[in-house]
Amino acid sequence: MRRHAVRPVALLLLLAAAGCRPSQPIPVGFVAGLTGRHYDLGISSRNGATLAVEELNAAGGVEGRPLELRVRDDRQDPQAAREAVTGLIGEGVVAIVGHVTSTMAVETLPIADREHVLMLSPTVSSAALAGRDDWLVTLHPSTAVAAHAVAAWLSAHRPVHRVAAIIDLSNRAFSESWRDQFAGQLQEHGGELIRSIAFTSGEGVMLRTPVAEALDAQPDAVLVIANALDTAALCQLIRRRSADVLILGSDWGFTQDVIAHGGQAVEGAIFTQRIDLEAREPDLVRFRQAYVARFGRPADFAAAQSYEAVQMLARALRRDPTREGVRRAILQANDYAGLRGDLRIDATGDAQRRQLISTIRGGRIMVLE
Amino acid sequence: MRRPWSLRLQLGASAAVVALVPALLVSGVAAWLGGRYVRDQVAARNEGLAEAVSGEVDEFLQGQLIQVEEVAMASRHRGLELDEVGHLMHFNLGANPAMQRLLLLDRGGQVIYGLPKSEDLVGTDLSGEPFVREAVASGQPTWSSPTMSLSTGRPAVSLVVPTLGGMAIGYLDLSAIQEVAARTSMARGAVAAVVARDGTLIAHADPRLVAEQVNANDVPLVRQGLAGREATAEFEQGGERWLGSVRRVPSTGWLVMVAEPEALAHAPVRHLQRVMVAAFALAAAAAALLGVLMARRLVAPIEALSSAARQVAGGEHDRALPGHGAASCREVDELARSFERMVAAVRSREEALGRSQMQLYHAQKLEAVGRLAGGVAHDFNNLLTAIVGFASLLKEEMRPDDPERGTVDAILQSAHRGAHLTKSLLAYSRKQVLQRRPVDVAEVIRGVERLLHRVIGEDVELRLELPAGPLVAVADPSQLEQVLLNLCTNARDAMPSGGRLRIVAGRAPATEGAGGGPARPASVAITVIDTGRGMAPEELERIFEPFFTTKEPGKGTGLGLAIVYGIARQHGGDVEVESEPGRGTTMRVLLPAHEGPADAPPAPAPVRSAPRGRETVLLAEDEPLVREALRRALAGAGYEVIVAADGDEAVARFEAHRDRIAACVLDVVMPRRNGLEAAEAITRACPGLPVLLASGYAADALEERGLLPAEATFITKPVTPADLLATLRKRLDEASSARARPATAAPTRR
């Protein structure tokens, strides 16, 4: 008797639970270095992606299904990166937003290619990864584009002939790509990369030595390819030894941190930049305000481009919510132009967008071109 | 239509509901109050913990501030050399594990001295650091936003204390705060966290979240706290509901949050609710059981009553009802009593109805017989009128010594007996003409006492029990005498070996038809009680039927009691009889009582010789033999007779000879125009003209219809020549004396 009474009740409860259950979320992977030497890009990227997911879900998700961002830390460690990506694919994510450094992307792209899971990288830009028919879509144009732009700008506005480079090998894929692309372009404009000094970012590294080595070569300009903190420290050391050598920086190290930690040393340094966060496009303004409201600090390019990556993914999911479908939709439809409206993804999944040349003046970023 | 629920189910359910609703309410209120109490307790505890953690964090920060201020103070002292300041800094670094680095900066923000020593350090420009800029601007000690230390991988914060000549900066490791958060979180599953002003976690029970610099700004309570509201609230995070409190750390504006999952916080309430649910289930079961028992106890007598009612409805009036004592309550007991009374009433009414039906049956039977008898009597009277008329004429024409005179007498005697029989039939069928008036019934009884003595004979003792005063009823005294005679004759025949016969007269009060019987007005009762052999029930049923008799053949006509019944009914009364074999019979005749005095009895008519006359008389009769007998009787008495065979002819003859005609003798029942209509026409034409209406049929109907003209006198068939001549002479004489006093004797219509 009791059993008979319980059964229908249990059935009703199950039905009620099924009726009340929200739509099944769409799992989206996120992988970046959240801890370790290059956490700044990772944290910003995660925050940008988080904001996009929160906004999309608040607006009803994708076809009524919320997105669920599954965040993994690659710790800028190849092994950890591979495990994170494999784990996310095993969990059934529809795509992965990440990584934020080219070195990590190089490590995990074979897995994505094999598993046919799209990786949408907000910041990866090594020329070695560009122009390939793979499962990587980048929102940051290739280092070749940046190097070409800097070389051209220098030739036009501030001709340099002797350039020394200090590069961080902890993100070798990016750093070397950037340096090599720049060296080639420099040569074309009549200049020369006279010396390249490498260091590996980490606890206890003595930056005085690479700076001394670079300056000993009597360069017109020093090219620094490192993260923002290291770039700031290197700039400080360079300025202590030379007040007039021109400092060139990569877009990797061009965040607010370089201003905060670089002090007067970074004033006048020339950087490449992919997105002008001070621009006035409505989407960008709205994003900037929302980001500050949510995270209490200004957005950087990594945050903005991660936000764009998730928005792009959501559009693709609306067209086709499968792993293959997402890639197809992004590469073929190519209907998301980013926060400034200048973003395009080409047939191989590489970003095309305006290249900016900026400097720091009075503690603020100023776009030169 | 939906069948209503049974009383037992309703009572049981009602009892259960009555028992459960308060239990449910009490449980609900208790659970609510318990929930609120526990929530308040948890909130108070969280607030206390948040306050304590906030205090501890602030104390830690204040300790660090003091040390950096010491260095700052030392550095601005004029006599103090850098090495001496360095000594103090070294001491402070050694004594304080949280202090990672101490720097002295010049006014431009460049490092002039730092410990631990580093070649890259001196000369580093920190003027771009936001917190340095803020300190320079405010001149106050300023805390940086917490950052993740690249060297330790743990949160760190910088503190700058400006001095006149520059500033001192301390770099602090915040592991101590993480330890406070972890220690607090260990208590009862609560989560303690410290949040920077931008929402980034500085300390949390889960260190991974701190390492990954998770921003807790999406927690509503954190948002409230960062907006400056120290609050305690419930919120949802990670698909779980929490109850938490936030407090600010005064030094830095950071936020301390202590929260507890609602499931955990409310565990005691849930336990209480489970206990209550169990208690409620028990109470429900007990209430249901009690309800069922109570309902059974209450309903059982009602069901017994219901069952009895069904049986009674099925005709079992003698069904024993459930005892009163067994009733579940006073109301049901009262219901049982009422039901019992109702059953008794129904039984009584059914019996009365049975009696009424029987009486109706008898009445209808008697009515049918009466109609037959009346019809027969009418024709029979016509025949007898002719026989008596012709026999009387024959006898008158005979000589006194005519040897056939005896034969004619025999014819006349037989005709008279026939007339008597006809009269009896009419009496029975209530078609005879009654001469009703208020009479003293006792007086009537006394008047026939001698006659009754003769009828009942020597062996029967007659006793009259009459009231001293008058006992008035509206009745025909001669019919009353007939009733008494018949009843006494019957009683005598029931007492062949003698006995006692009592005649009791008195008043019977009106009844209102109690017990289902018909209502009866106040009556005068004449009760005749004998001590005879009595009657069996089957005899009683038939005693009023004509020609029913238990007497030997030749001893009775079987009309005695039928006549009594007929007379009583014709008077608007009734006859009741009680009898049992061997215990005598009581017959009671009831007549409508009259409240006024009795009328004086009419003076006896003077004995007259056969009257004669010479006037002209119009005789209308459709039966030729009767017409001829009456014509010859009238003509034999000297009258001139004009005859007519029907009503129309009578009126025509009257019109033709109205100057001569002094009186009319009209048969009532005639073709074309009956005697009444003819009399109406004639008296209209000649008011005051004597009219005699003859019929072998009842005159009551005529009277009731008010059609008997004032001038008309009714004579009953069979009409003997002597009666006809006497009545005619009387009316002629009255008419002539009326004509002599025209002013006072103008005829009036009734």
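Restricting the first member to region A:275-286 and to residues that are assigned to a helix (DSSP H, G or I), and the second to residues that are surrounded by 14 or more Cβ atoms within 10 Å (Cβ to Cβ), the beta-carbon pairs closer than 6 Å and six or more apart or on different chains are A:ASP283/A:LEU339; A:LEU284/A:LEU339; A:LEU284/A:ARG340. Among the criteria (1) within 26 Å of B:ALA205 (Cα to Cα); (2) surrounded by 14 or more Cβ atoms within 10 Å (Cβ to Cβ), the one B:ALA44 does not fulfil is (2). Across region B:571-592, the number of residues qualifying as more than 17 Å from B:ARG502 (Cα to Cα) and buried (at least 20 other Cβ atoms within 10 Å of the Cβ) comes to 3. Annotation note: of B:ARG36, B:ARG8, B:ARG78, B:ARG101, the sole residue that is in a helix (DSSP H, G or I), of a type in the set (Lys, Arg) and either over 60 Å from the mean Cα position of the chain (by Cα) or at pLDDT 80 or above (or both) is B:ARG36. Are any residues in region A:160-174 farther than 17 Å from A:ALA269 by Cβ and not in a strand (DSSP E or B), and if so, which ones? The answer is A:HIS161, A:LEU169, A:SER170, A:ASN171, A:ARG172, A:ALA173, A:PHE174. Just to be sure before I move on: is B:PHE91 over 23 Å from A:GLY202 (Cα atoms), surrounded by fewer than 20 Cβ atoms within 10 Å (Cβ to Cβ) and within 14 Å of chain A (Cβ to nearest Cβ) in the structure I sent? In short, no. Here A:ALA105, A:ALA80, A:ALA84 are screened, and the one residue that is within 14 Å of chain B (Cβ to nearest Cβ), buried (at least 24 other Cβ atoms within 10 Å of the Cβ) and not in a loop (DSSP other than H, G, I, E, B) is A:ALA84. Please determine whether any residue of region B:183-196 is within 24 Å of B:ALA227 (Cβ to Cβ) and within 14 Å of chain A (Cβ to nearest Cβ). Yes, some residue in region B:183-196 is within 24 Å of B:ALA227 (Cβ to Cβ) and within 14 Å of chain A (Cβ to nearest Cβ). Restricting attention to region A:224-261 and to residues that are crowded, with 23+ Cβ neighbours inside 10 Å and assigned to a loop (DSSP other than H, G, I, E, B), the residue that is nearest to the other protein chains (Cβ to nearest Cβ) turns out to be A:ASN227. Among the numbered conditions (1) at pLDDT 85 or above; (2) assigned to a helix (DSSP H, G or I); (3) touching a helix residue (DSSP H, G or I) at 6+ places or on another chain (Cβ under 7 Å), the only one that B:LEU393 does not meet is (1).
Among the numbered conditions (1) at pLDDT 85 or above; (2) over 24 Å from B:ILE387 (Cα atoms), the only one that B:ARG631 does not meet is (2).
B:VAL626 passes every criterion in (1) at pLDDT 85 or above; (2) assigned to a loop (DSSP other than H, G, I, E, B); (3) touching a Gly at 6+ places or on another chain (Cβ under 9 Å); (4) closer than 19 Å to B:VAL691 by Cα apart from (2). Among the residues of region B:158-172, those that are away from chain A (no Cβ under 14 Å) and either closer than 20 Å to B:VAL249 by Cβ or acidic (Asp, Glu) (or both) comprise B:LEU159, B:VAL161, B:GLY170, B:LEU172. Cβ-Cβ contacts under 6 Å between residues 6 or more apart (or on different chains), taken from a first residue in region A:24-39 that is free of Cβ contacts under 8 Å to residues at least 60 places away in the same chain and more than 10 Å from every other protein chain (Cβ to nearest Cβ) to a second residue that is acidic (Asp, Glu) and surrounded by fewer than 24 Cβ atoms within 10 Å (Cβ to Cβ), are listed as A:PRO25/A:GLU68.
Filtering region A:192-205 for residues that are within 14 Å of another protein chain (Cβ to nearest Cβ), of a type in the set (Asp, Glu) and surrounded by fewer than 24 Cβ atoms within 10 Å (Cβ to Cβ) leaves a non-empty set. Candidates in region A:195-221 are the residues that are without any contact (Cβ under 8 Å) to a residue 12 or more places away in the chain and in contact with a Lys or Arg (Cβ under 9 Å, 6 or more places away or on another chain); of these, the one that is farthest from A:TYR39 (Cα to Cα) is A:ASP216. Scoring A:GLY92 on the criteria (1) at positive phi; (2) surrounded by fewer than 24 Cβ atoms within 10 Å (Cβ to Cβ); (3) touching a Ser or Thr at 6+ places or on another chain (Cβ under 9 Å) leaves a single failure, condition (3).
Of all residues in region A:292-307, exactly one satisfies the criterion of being within 17 Å of the chain's Cα centre (by Cα) and surrounded by fewer than 23 Cβ atoms within 10 Å (Cβ to Cβ), namely A:PRO298.
Residues considered: A:GLY48, A:GLY61. Of these, the only one that is buried (at least 19 other Cβ atoms within 10 Å of the Cβ) and under 20 Å from the mean Cα position of the chain (by Cα) is A:GLY48. Do we have A:ASP276 as of a type outside the set (A, V, I, L, M, F, W, C), under 16 Å from the mean Cα position of the chain (by Cα) and within 12 Å of another protein chain (Cβ to nearest Cβ) here? The answer is no for A:ASP276. Of everything in region B:111-151 that's surrounded by fewer than 16 Cβ atoms within 10 Å (Cβ to Cβ) and not in a loop (DSSP other than H, G, I, E, B), which residue is farthest from the other protein chains (Cβ to nearest Cβ)? Only one residue fits best here, namely B:SER138.
When region A:172-217 is filtered for residues that are within 20 Å of A:VAL150 (Cβ to Cβ) and among the aromatic types (Phe, Trp, Tyr), the ones remaining, listed by number, are A:PHE174, A:TRP178, A:PHE182. When A:ASP342 is tested against (1) in contact with a Lys or Arg (Cβ under 7 Å, 6 or more places away or on another chain); (2) surrounded by 20 or more Cβ atoms within 10 Å (Cβ to Cβ); (3) closer than 22 Å to A:ARG274 by Cα, exactly one condition is not met: (2).
Among the residues of region A:206-216, which ones are within 13 Å of another protein chain (Cβ to nearest Cβ) and not in a loop (DSSP other than H, G, I, E, B)? Answer for region A:206-216, where residues must be within 13 Å of another protein chain (Cβ to nearest Cβ) and not in a loop (DSSP other than H, G, I, E, B): A:ARG208, A:THR209, A:PRO210, A:VAL211, A:ALA212. Reported count of residues in region A:315-369, each being in contact with a helix residue (DSSP H, G or I) (Cβ under 7 Å, 6 or more places away or on another chain) and of a type in the set (S, T, N, Q), is 1. Residues that are not in a loop (DSSP other than H, G, I, E, B) and not aliphatic (A, V, I, L, M) were ranked within region A:148-159; the one that is surrounded by the fewest Cβ atoms within 10 Å (Cβ to Cβ) is A:HIS157.
The values are calculated or read from the model by the stated rules, or taken from the named source; none is laboratory data. On a predicted model such as this, the values are computed, not experimentally measured, just so you know. Cβ sites come from the backbone with ideal geometry, for glycine too, and all protein chains shown count toward neighbours.
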